[in-house]
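J.: First the structure, which I've put down as structure tokens, then a few questions once you've had a look.
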Amino acid sequence: MGFENIFLPKSIIADLYKNNLVELITIESRISIAKGGIGSHQKDSLQFLGGNLKNILLLVHYPANEHLPDKQLDFLNRILKACNLKLEDIAIINTARQQANESDINKLNIRSILIFGDCISPILNNITATIFIPVHADGITIFTSPSLDKLDLPTKESKDLKNQFWVSLQQFFRL
């Protein structure tokens, strides 16, 4: 018997890769999310990564990925942890794959939006945003930042950007 014919139950595979696999479920499965389940969710036709438990939307732009690359997701998880947040607290939408409009924002009951990089979205049409300076519009606070890629480079410029980002993010989340 060779190793080519070994079949593992889905539960064992999920345990082996619990930090890497994404389970597709709908937003209506909030019970699963409350018990610690996270993954890719769909509200009507809008797909997002995370659980949106704290009504925080993150917009990213990665044309080659469903949501965002693993390296950037790891970096984002470190940022979230420093802000006392988890992936299940937020919703991540990749604007390269889909657009979120005002109706989507209302359905998700979003109160804060963090924009990483050059995301183009209809919700930003009438808003002038300056990097690291929160803007308030229609009961939503919007915060713009360089892309996760630029923040996580091993350069002095990136380190300086990351420091500015962190100071501004602390004010944004009142940490």
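The values are calculated or read from the model by the stated rules, or taken from the named source; none is laboratory data. Because the structure is predicted, anything quoted here is derived from the model rather than measured. Every residue, glycine as well, gets a Cβ built from its backbone with ideal geometry; the counts of neighbours run over all protein chains shown.
J.: Given the structure, is L153 among the aliphatic types (A, V, I, L, M), surrounded by fewer than 20 Cβ atoms within 10 Å (Cβ to Cβ) and within 16 Å of N52 (Cα to Cα)?
T.: For L153, the condition - among the aliphatic types (A, V, I, L, M), surrounded by fewer than 20 Cβ atoms within 10 Å (Cβ to Cβ) and within 16 Å of N52 (Cα to Cα) - is not met.
J.: Further, regarding this structure: Based on what the data block shows, is K81 in a helix (DSSP H, G or I) and either touching a His at 6+ places or on another chain (Cβ under 9 Å) or not acidic (D, E) (or both)?
T.: yes
J.: Could you identify the single residue in L46, L59, L53, L68 that is under 26 Å from A137 (Cβ atoms), modelled with pLDDT of 95 or more and touching a helix residue (DSSP H, G or I) at 6+ places or on another chain (Cβ under 9 Å)?
T.: Numbers: L46 fails: modelled with pLDDT of 95 or more; L59 fails: modelled with pLDDT of 95 or more; L68 fails: modelled with pLDDT of 95 or more.
On inspection, the qualifying residue turns out to be L53.
J.: Here's another thing I want to ask about it. Conditions: (1) acidic (D, E); (2) farther than 20 Å from F172 by Cβ; (3) at pLDDT 65 or above. D89 meets all but one. Number of the miss?
T.: Result: D89 passes all but (2).
J.: Check F165, F173, F132 and return the single one that is of a type outside the set (A, V, I, L, M) and buried (at least 19 other Cβ atoms within 10 Å of the Cβ).
T.: After ruling out the rest, the residue left standing is F165.
J.: List every residue pair whose Cβ atoms sit under 7 Å apart, with the two residues 6 or more apart in sequence or on different chains, where the first one lies in the range 103-125 and is exposed (fewer than 14 other Cβ atoms within 10 Å of the Cβ) and at pLDDT below 90 and the second, anywhere, is β-branched (V, I, T) and not in a strand (DSSP E or B).
T.: Taking only residues 6 or more apart or on different chains, the pairs are I120/T95.
J.: Hey, A64 hits all of (1) surrounded by fewer than 15 Cβ atoms within 10 Å (Cβ to Cβ); (2) hydrophobic (A, V, I, L, M, F, W, C); (3) closer than 24 Å to Q164 by Cβ but one; which does it fall short on?
T.: That leaves (3) as the condition not met.
J.: Does I92 meet the test of being in a strand (DSSP E or B) and under 22 Å from Q47 (Cα atoms)?
T.: Details: in a strand (DSSP E or B): yes; under 22 Å from Q47 (Cα atoms): yes.
Yes; evaluated as a whole, the condition is true for this residue.
J.: Can you tell me which residue within the range 74-91, out of those that are out of contact with any helix residue (DSSP H, G or I) (no Cβ under 8 Å at 6 or more places or on another chain) and in contact (Cβ under 8 Å) with a residue 24 or more places away in the chain, is surrounded by the most Cβ atoms within 10 Å (Cβ to Cβ)?
T.: L85
J.: Under 21 Å from Q47 (Cβ atoms) and not in a loop (DSSP other than H, G, I, E, B) - does that describe any residue in the range 143-153?
T.: Among the residues of the range 143-153, at least one is under 21 Å from Q47 (Cβ atoms) and not in a loop (DSSP other than H, G, I, E, B), which makes the answer yes.
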